[in-house]
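Worksheet for the structure shown next.
Read the figures in this text as sums done on the coordinates, not as results from a lab. The structure presented is a predicted model; accordingly, all values stated were derived computationally and were not measured. Here Cβ is always computed from backbone atoms with ideal geometry, including for glycine, and neighbour counts include all displayed protein chains.
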Amino acid sequence: MATLTATTPTRAGTASPGAPVTASDVIPASLIGSKGCYLEILNGNASPDSMTIQDFATSPAGTAVSALAPSVTNGTNKVFKILPEQGDPNNNGQVVVTHSVTTTVTYKLYPLG
């Protein structure tokens, strides 16, 4: 399991080339912060990347919310908003993201707070 790192944009601009994903990645609560973060997945692979993004949030009625199971089509990018309430309360508030393919799949992570 690899811990993702974030790029913090500046007024002057910040280079953001992306970094490789692994089969199971962790977004630490410290990067999610109180406002969340954006996770961009760039799929340069020949196959779609079927992902799972953990979600420990609850609905207003108190029922568990299902984990997100998006797919990023080959040759495309998708950006996901990760919120603090998605974090695992039993594991320091981190969010785990899994990928079905990893070769030529990269990510960019931007904190909002």
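Things worth noting here:
- Scanning segment 4-30 for residues being farther than 19 Å from L68 by Cα and either within 14 Å of the chain's Cα centre (by Cα) or of a type outside the set (S, T, Y) (or both) gives a total of 13.
- When segment 84-106 is filtered for residues that are within 13 Å of the chain's Cα centre (by Cα) and either assigned to a loop (DSSP other than H, G, I, E, B) or without any contact (Cβ under 8 Å) to a residue 60 or more places away in the chain (or both), the ones remaining, listed by number, are P84, Q86, G87, Q94.
- Per-region count, segment 48-83, residues closer than 21 Å to T106 by Cα, of a type in the set (S, T, Y) and outside any strand (DSSP E or B): 2
- Count of segment 3-36 residues, restricted to those that are touching a Ser or Thr at 6+ places or on another chain (Cβ under 9 Å), of a type in the set (G, A, S), touching a residue at least 40 places away in the same chain (Cβ under 8 Å) and surrounded by fewer than 13 Cβ atoms within 10 Å (Cβ to Cβ), is 1.
- Looking at N74, N43, just one residue is under 23 Å from T7 (Cα atoms) and out of contact with any Cys (no Cβ under 9 Å at 6 or more places or on another chain), and that residue is N43.
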